[in-house]
Structure formats: C-alpha cells, structure tokens
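K.L.:
Before I ask anything, here is the structure I am working with.
The values are calculated or read from the model by the stated rules, or taken from the named source; none is laboratory data. Here the structure is a predicted model, which means the values were calculated and not measured. Note that each Cβ is placed from the backbone with ideal geometry, even for glycine, and that neighbours are counted across all protein chains shown. These area figures cover heavy atoms from the full protein model, side chains too; ligands, DNA and RNA do not enter into them. Shrake-Rupley method; radii C 1.70, N 1.55, O 1.52, S 1.80 Å.
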Amino acid sequence: RPLLPFTNEMEGKQTWVRRIFYNNKKWVPFDLNYNPNSSLVRSGHDNYGIGAEFKVFYKKD
C-alpha cells in the first residue's frame, strides 16, 4: 500500500479516510474517532499531503 506524506501546511484537520474494514466503508475524518489506537493519529499527524509540479510545453508557430 502506498504511504502518503503528512503535511503541516494546512490548518485544521482536513484529511478524510475510507477503509473497507473500518467504519462500514464510510468516509470519516482522520482523527482519534477513526482509530483511537493509531500511533499516527496520536502523534499529532492530521493531514496527508500530496504535491504535484506541472510543466507546460507548447509549440511555437
């Protein structure tokens, strides 16, 4: 499974997760209610971060 990096560049808790074996397959906030035994949640990690860099190429006439 891919492990996504965490970020502290967003305010508040904005990450939601959906796992097929937890919470009846529903989207839930990534917090202690999601999984109180999660060491990631308990360590203060709140938001997954994914970045992208785009390069635009065009042909001059």
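K.L.:
Taking a temperature of 20 °C and a viscosity of 1.002 mPa s, what whole-number D in µm²/s does Stokes-Einstein yield for the chain with Rh from Kirkwood over alpha carbon pairs?
P.N.:
After rounding, the answer is 155 µm²/s.
K.L.:
Which whole-number value in Å² is the accessible area per residue of region 9-61, probe 1.4 Å?
P.N.:
96 Å²
K.L.:
So, one more: Explain nothing, just the number: dipole magnitude of the chain about its Cα centre with +1 on each Lys and Arg Cβ and -1 on each Asp and Glu Cβ, in debye rounded to the nearest 20.
P.N.:
Computed charge dipole of the chain: roughly 380 debye.
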